[in-house]
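Step one of this worksheet: look at the structure below.
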Amino acid sequence: MRLGIDLDGVVADFNAGWMARYNAERGTNLTTDLVDHWGAMNDLTDFPTEHDFWEWARNDDGPSLFRDLPLYPEALPALNRLAQSHAIVIITTKPRWAIHDTFAWIADNKIPTREVHITRRKWLVDCDIYLEDGPHNLEVLPLKRPNRTVCRFVRLWNEPVDGVVDIDTWDTFEAFVDKQ
């Protein structure tokens with residue numbers, strides 16, 4: 001099967017990544033448990049606008065925020081096991097300025113994929129099963145791909161969606177895929 005896997009919030013810990021950098025630069029002590037809704041970084045930081053946050057994340061002086069995000073510990077072992085029988089298709093949304101850092105991150109972390117799509121319209125990439133955490137994508141994927149399975153990686157920032165399978169760990173996802 002083709003498994004459409006999101007990166008940020010599923011494989012890469014976006015919140016831990018931006019918080020580590022922000023805490024180091026600003027002398028704060030933000031923790032990932034504070035993120036209880038999509039876009040929480042706008043409420044947790046001193047940036048006046050979302051645009052200001054993303055300009056900071058871009059980091060014109062070096063790699064962007066997306067270059068050094070930590071992996072969720074269970075993600076890579078699970079992806080390696082799944083890749084033995086399935087195609088791992090990475091489908092992620094990134095700003096244009098983060099494309100090179102995203103490919104470098106995938107290579108550095110040895111993500112077992114031969115196919116990467118960086119797009120806002122994830123439904124254009126046909127997969128048998130999608131694993132996603134973004135509320136907007138969890139709403140649209142089942143509408144655009146009604147004959148495919150969409151799984152929600154349960155996070156504090158997303159809610160259940162009718163017709164979407166809830167997944168709370170990588171072990172749960174592996175077991176679900178194995179039953180298909």
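State yes or no: is Asp46 part of a loop (DSSP other than H, G, I, E, B) and either at pLDDT below 95 or not assigned by TED's automatic domain parsing to the domain that holds Asn158 (or both)? So Asp46 fits the description; yes. A count restricted to the stretch 151-166 and to residues that are without any contact (Cβ under 8 Å) to a residue 40 or more places away in the chain, farther than 15 Å from Leu7 by Cα and either of a type outside the set (D, E, K, R) or assigned to a loop (DSSP other than H, G, I, E, B) (or both) stands at 7. Could you tell me whether any residue of the stretch 62-76 is of a type in the set (Gly, Ala, Ser), under 30 Å from Arg114 (Cα atoms), crowded, with 17+ Cβ neighbours inside 10 Å and free of Cβ contacts under 8 Å to residues at least 40 places away in the same chain? So far as the stretch 62-76 goes, yes, one or more of its residues are of a type in the set (Gly, Ala, Ser), under 30 Å from Arg114 (Cα atoms), crowded, with 17+ Cβ neighbours inside 10 Å and free of Cβ contacts under 8 Å to residues at least 40 places away in the same chain. Checking the structure you have, find out if any residue of the stretch 106-116 is touching a helix residue (DSSP H, G or I) at 6+ places or on another chain (Cβ under 9 Å) and in a strand (DSSP E or B). Within the stretch 106-116 (the criterion being touching a helix residue (DSSP H, G or I) at 6+ places or on another chain (Cβ under 9 Å) and in a strand (DSSP E or B)), the answer is yes, since at least one residue qualifies. Only residues that are under 25 Å from Asp168 (Cα atoms) and assigned to a helix (DSSP H, G or I) were counted in the stretch 117-144, giving 12. Within the stretch 104-111, identify whether any single residue is farther than 29 Å from Trp54 by Cα, surrounded by 13 or more Cβ atoms within 10 Å (Cβ to Cβ) and not assigned by TED's automatic domain parsing to the domain that holds Trp56, and answer yes or no. No, that holds for no residue. Of everything listed in (1) in contact with a Gly (Cβ under 8 Å, 6 or more places away or on another chain); (2) more than 22 Å from Phe153 (Cα to Cα); (3) surrounded by 15 or more Cβ atoms within 10 Å (Cβ to Cβ), the single unmet condition for Glu50 is (3). Among the residues of the stretch 91-105, the ones that are touching a helix residue (DSSP H, G or I) at 6+ places or on another chain (Cβ under 6 Å) and either among the charged types (D, E, K, R) or closer than 18 Å to Glu132 by Cβ (or both) come to 4 in all. Considering every residue within the stretch 126-136, establish whether at least one is surrounded by 19 or more Cβ atoms within 10 Å (Cβ to Cβ), in contact with a Pro (Cβ under 8 Å, 6 or more places away or on another chain), under 17 Å from Val89 (Cβ atoms) and assigned by TED's automatic domain parsing to the domain that holds Ile91. Within the stretch 126-136, none of the residues are surrounded by 19 or more Cβ atoms within 10 Å (Cβ to Cβ), in contact with a Pro (Cβ under 8 Å, 6 or more places away or on another chain), under 17 Å from Val89 (Cβ atoms) and assigned by TED's automatic domain parsing to the domain that holds Ile91.
The values are calculated or read from the model by the stated rules, or taken from the named source; none is laboratory data. It should be emphasised that the depicted structure is a prediction, and the values quoted were computed from it without experimental measurement. Here the Cβ is made from the backbone with ideal geometry for all residues, glycine too, and neighbour counts use every protein chain on show.
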